[in-house]
Amino acid sequence: MLIDPGWAPKAPLEPLHLDWLAAADVELAVLRLDLIDPLISGNKWFKLAPYLQAACSVGAAGLISLGGAHSNHLHALAAAGKRFDFPTVGLLRGTPQDTPTVRDLQRFGMQLHWLGYGGYRARHQPDFWDPWRERYCTLYPVPEGGGGLPGALGCSGLVSQVQEQLSELGWADYHGWWLAAGTGTTLVGLVLGEAGAHPVYGAVAVPADHGVAHNVRTLLDEARATDGGYQLLDASRGGFAKVDAALLEFLRASEAASGLALEPLYTAKALMALRQRVEAGYFERGTRMLFVHTGGLQGRASALRQYEAEYQQL
């Protein structure tokens, strides 16, 4: 039977200095979720932890979930299984692929099943889990990406992590949060944790047809919470996993100027969208903002090589 490891990592809060922030007299501090652990990093652990606790409460032996060949969620799940010695199963989108993430999943001991694209699209059908529950009757199913209200509630504690560290920056308060949104689950967690005290801005890294706005509204309704002052802003740059030359140039320049490693699909898109807002005068001088580094760096190097090679051929 699975035993809750009781692991509660703390992420450091660090100032980020960039010319465009200084020019607008805007201060930015980064909640470094990428630094909580070498393997189980980013926001994915905080979404996963409530499901792990639920699995323990019903006597499950391990966890089973879904994702793609570059899934940060499956990476965190497999790493947790390896670290805390419980079995994991991943149901993957598409046909078998060889990616850094997939190789890590295999190295961590996750059992993989490739569903094809049609089979993966069926994940929202009411009977999708039936054969998998029968096959892996001792494993607890976790929604794609660790989504759902439990995942959001797991992220709500990030608010207190920040508040405990404000004095180290010399800040008495802040004016809002800024983060990438892929499903909106982490954003909902921050909205719930803030309870209206500060606004939360979600830079949506996927197109509108991925349903982020609907998912956020559904989770808040399920939690019986008010809107809490959140905003969703388009940062998809044309579609899911779309990366262009301007984004790559921004990523490289930002890393060189700050030393903060970014990945192109979420954190770089979110930071670039923030720069656009700052330079457009959206924030008053003296504004202090929090930026969430959501991790996802495990496949960064190979992804950047791939994208840069594509643009060199154009």
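Overview of values
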read-out: Filter pass, Ala22 being assigned to a strand (DSSP E or B), among the small types (Gly, Ala, Ser) and in the same structural domain as Gly193 (by TED's automatic domain parsing); value: no
read-out: Residue check, Gly239 in the same structural domain as Arg288 (by TED's automatic domain parsing), buried (at least 16 other Cβ atoms within 10 Å of the Cβ) and either farther than 18 Å from Thr294 by Cα or aliphatic (A, V, I, L, M) (or both); value: no
read-out: Matching residues in the range 95-118 - criterion: being aromatic (Phe, Trp, Tyr) and closer than 18 Å to Gly295 by Cβ; value: Phe108
read-out: Lone qualifier among Thr95, Thr88 - being among the hydroxyl-bearing types (Ser, Thr, Tyr) and crowded, with 22+ Cβ neighbours inside 10 Å; value: Thr88
read-out: Pro5 outside any helix (DSSP H, G or I), of a type outside the set (A, V, I, L, M, F, W, C) and farther than 30 Å from Cys137 by Cβ; value: no
read-out: Residues of the range 138-175 satisfying the condition of being of a type in the set (D, E, K, R) and under 28 Å from Thr218 (Cβ atoms); value: Glu144
read-out: Within the range 269-314, tally of residues that are modelled with pLDDT under 95 and on the phi > 0 side of the Ramachandran plot; value: 2
read-out: Which numbered condition Gly109 misses (of (1) touching a Leu at 6+ places or on another chain (Cβ under 8 Å); (2) of a type outside the set (S, T, N, Q); (3) at pLDDT 95 or above); value: (1)
read-out: Residue count, the range 100-110 (criterion: part of a loop (DSSP other than H, G, I, E, B) and buried (at least 17 other Cβ atoms within 10 Å of the Cβ)); value: 2
read-out: Test result for Ser41, buried (at least 23 other Cβ atoms within 10 Å of the Cβ), of a type in the set (S, T, N, Q) and outside any loop (DSSP other than H, G, I, E, B); value: no
read-out: Search result, residues across the range 250-278 that are loosely packed, with under 14 Cβ neighbours inside 10 Å and touching a residue at least 60 places away in the same chain (Cβ under 8 Å); value: Ala257
read-out: Scope the range 77-121; condition without any contact (Cβ under 8 Å) to a residue 24 or more places away in the chain and β-branched (Val, Ile, Thr); matching residues; value: Thr95
read-out: Helices (runs of 4 or more DSSP H) completely within the range 111-188 that count 2 or more residues being out of contact with any helix residue (DSSP H, G or I) (no Cβ under 9 Å at 6 or more places or on another chain) and either assigned by TED's automatic domain parsing to the domain that holds Arg275 or not acidic (Asp, Glu) (or both); value: 116-121, 130-135, 158-163, 166-169
read-out: Which numbered condition Ala172 misses (of (1) more than 30 Å from Ala303 (Cα to Cα); (2) touching a residue at least 40 places away in the same chain (Cβ under 8 Å); (3) not β-branched (Val, Ile, Thr)); value: (2)
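The values are calculated or read from the model by the stated rules, or taken from the named source; none is laboratory data. The structure displayed is predicted, hence computed values, not measured ones. Note that each Cβ is placed from the backbone with ideal geometry, even for glycine, and that neighbours are counted across all protein chains shown.
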